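Values in this text are rule-based calculations from the coordinates and carry no lab data. These numbers were taken from a predicted model, which means no experiment stands behind them. Virtual Cβ from ideal backbone geometry, glycine too; neighbours counted across all protein chains shown.
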């Protein structure tokens, strides 16, 4: 972490330091992950989850300099796939981020009742050991001993993760490098809100476009190389991520201002 901090918690907020909240109205919790430097300045922050409650309980830095988070999720949408049961019950939910906070994979574990994690650690062979509780007796559990049991799960380094299905086809950007503006083009398989984030090389969110109501089919969008405060960004490498329909896709761009 180079003297900084990584924090995992929950949020219902849609303002302040929170750049995005899942769900139509802010009555449900999201995972909220915040990366701070040694002085407490936010380097990047990210919410994770879907339209129901998602509660982060534990986070560690992994050997590849990324992060893994464990908690519980009741969502069946957003970044959550393969949820067991209904939104009235929670699964144990594990999320892996790279060092810049970009989602790499996620996995839901449990049965049709309430299951969740309180702690996660990486094992010597590169896998993970998760401690939590469960009231289920089906799905990934063989039995329940009455009410809420301890539940210990060991995952190998080759985690059978829930890959996020790709619904962005022909995602293209150009020109690259660029100075005045860069065009984005992608085919959207569903009619749904789209979010576009621009990250710096160190993972900070430079610009964000929320709730873009783009239609089915091919969509065009452009970024003029400005940050959230309206100023031109410095020359360098940036990452443009498009989030839609439980998936995201990222492209690297180079800014070369005159």
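For the reader, a short list of remarks on this structure follows.
- Taking all Cα pairs closer than 8 Å and separated by 6 or more residues, the relative contact order of segment 13-62 comes to 37 percent.
- Peptides 12-21, 67-76 ranked from most to least packed by the mean count of surrounding Cβ atoms within 10 Å: 67-76, 12-21.
- The chain: relative contact order in percent, alpha carbon pairs under 8 Å with at least 6 residues between: 12 percent
- Semi-axes of the equivalent ellipsoid for the chain, Cα gyration tensor, largest first, Å: 34, 21, 16
- In units of the rule-of-thumb radius 2.2 N^0.38 Å, segment 42-86 shows an alpha carbon radius of gyration of 1.30.
- Using the Cβ-Cβ distance between residue 226 and residue 252 with R0 set to 22 Å, the FRET efficiency works out to roughly 0.75.
- Computed FRET value (nearest 0.05) for residue 61 with residue 124, which takes r as the C-beta separation and R₀ as 22 Å: 0.90
- Extending 7 Å from Cα along the Cβ direction at residue 112 and again at residue 77 yields two label points whose distance is 2.3 nm.
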